[in-house]
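Here is the structure we will look at.
Any read-out appearing in this document is the output of simple, stated calculations on the displayed coordinates, not a laboratory observation. Being a predicted model, the structure only gives us computed values, none of them experimental. Positions of Cβ are generated from backbone atoms using ideal geometry, with glycine treated the same way; all protein chains shown enter the neighbour counts.
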Amino acid sequence: EKSGKVAQRQVYITACPGQLVLSKLGSMIPSSNVEAHSQAKTLSLRSTVIDLPMLFESSTPVRKTKVLASLGPVSNNKEMIGKLIDAGMDVARFNLAMTDMAEIKGTIELVRQVAKEKSKTCAILVDTRGPEIRTSYLVEGPGSTTKVDKISLVKGESVILVDHDPSSEEEFHGWKTETETRIKVNYEGLSSQVEVGMKVLVADGNIELEVTKVGNNEVTCTVLNDAILGSWKNLNLLGVRLNMPVLTSKDKLD
């Protein structure tokens, strides 16, 4: 207040989009008769889009980050999918490295059904297997068909990696006995593309091997760390450009 005059402060609120409801302004209702505008007429880079519920009502902020959830056998049912969607799942992911399109087709339809019932949107993401080298299934020993879950690898011992032709009739098996450990890999070019001293990583890098000898269709390696090897684990050759297609026949089929 100066010289007996009361200073007035004018407040302007632009509602965009939507209609400005003056009754919700309370004490902030303008005293002068200003023409009400139902929507903003000027939008610029300086504009901030704020609607009335954001100003006067409690509301949950819009989440811009998407939540991706990988679905597997445990979540392959309507109840679990519903819980995931309620918890905020925006994208349902399927990993075809462990299955194929025929097996997940029903689950995809179930995700769409549950999302529709809940009036939610849930996208579908499918990861193709792609080119990869995998170790063989494990059995008790040569000629055996009795599978074992895992074998122990001890630092300093030798492991023989054997090229395997997927089109051959030979069993894709590996084993560990008292005298040797032989593991087949589903890549015919293994022995022709590695050299002595190269590193080989198995099971997402949890097992480290070093090439010590390259023979005819087989590679002898030394184990660099104590580890447990299971069946069908990924194998990576460091510094080697593999002669493998970007899309495999399975990827194209899926």
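Considering amide H positions built from the backbone, and no H for Pro or chain starts, which residues 5 or more places from residue 187, or on another chain, come under 5 Å of its amide H?
164
What order do you get for 221, 122 when you list them from fewest to most C-beta neighbours inside 10 Å?
Ranking 221, 122 by Cβ neighbours within 10 Å, fewest first, gives 122, 221.
Only counting other Cβ atoms within 10 Å, I'd like 172, 56, 94 sorted with the fewest neighbours first.
56, 172, 94
Can you compute 3J(HN,Hα) from phi for each residue in region 63-69, using the Karplus curve 6.51 cos²θ - 1.76 cosθ + 1.60 with θ = phi - 60°, rounded to whole Hz and x for Gly and Pro?
Values per residue, Gly and Pro as x: 8, 8, 7, 8, 9, 10, 10 Hz.
For the pair residue 112 and residue 249, what calculated FRET efficiency results from E = 1/(1 + (r/R0)^6), where r is the Cβ-Cβ distance and R0 = 25 Å, to the nearest 0.05?
My answer for the efficiency is 0.35.
R0 = 35 Å: FRET efficiency of residue 177 with residue 236, Cβ-based, nearest 0.05?
0.85
Using the Karplus curve 6.51 cos²θ - 1.76 cosθ + 1.60 with θ = phi - 60°, what ³J(HN,Hα) values do you get for each residue of region 246-254, in whole Hz, with x for Gly and Pro?
For region 246-254, the Karplus-derived couplings read 5, 10, 7, 4, 5, 4, 5, 5, 5 Hz, x marking Gly and Pro.
Between rounded, prolate and oblate, where does region 68-127 land on the alpha carbon gyration tensor, with a ≥ b ≥ c its root eigenvalues, rounded for a/c under 1.5, else prolate if a/b exceeds b/c?
The shape class here is prolate.
So which aspartates and glutamates pass the test for residue 176, namely a Cα distance under 19 Å, with those fewer than 8 places away in the same chain ruled out?
Once the sequence-local aspartates and glutamates are set aside, what remains near residue 176 is 140, 149, 157, 163, 208, 210, 218, 226.
In whole Hz and in residue order, list the ³J(HN,Hα) couplings for region 135-146 that follow from phi through the Karplus curve 6.51 cos²θ - 1.76 cosθ + 1.60, θ = phi - 60°; x for Gly and Pro.
7, 6, 6, 9, 10, 5, x, x, x, 7, 10, 7
How much length would be gained if the chain were fully extended between residue 132 and residue 83, taking 0.36 nm per residue of separation minus their Cα-Cα distance, in nm to one decimal?
Using 0.36 nm per residue and subtracting the Cα-Cα distance, I get 14.3 nm.
In debye to the nearest 20, how big a dipole does region 81-231 give about its Cα centre with +1 on each Lys and Arg Cβ and -1 on each Asp and Glu Cβ?
With Lys and Arg at +1 and Asp and Glu at -1, about 780 debye.
For residue 116, list the aspartates and glutamates whose Cα falls under 20 Å from its own Cα; do not include residues on the same chain fewer than 8 positions away.
79, 86, 90
A 25 angstrom limit on the alpha carbon distance is what I want to check against. Which of 66/233; 78/147; 83/233; 83/250; 66/118; 83/150 exceed it?
Result: 66/233; 78/147; 83/233; 83/250; 83/150 exceed 25 Å.
By counting other Cβ atoms within 10 Å of each Cβ, how are 182, 63 ranked from fewest to most?
In order of increasing Cβ crowding within 10 Å: 63, 182.
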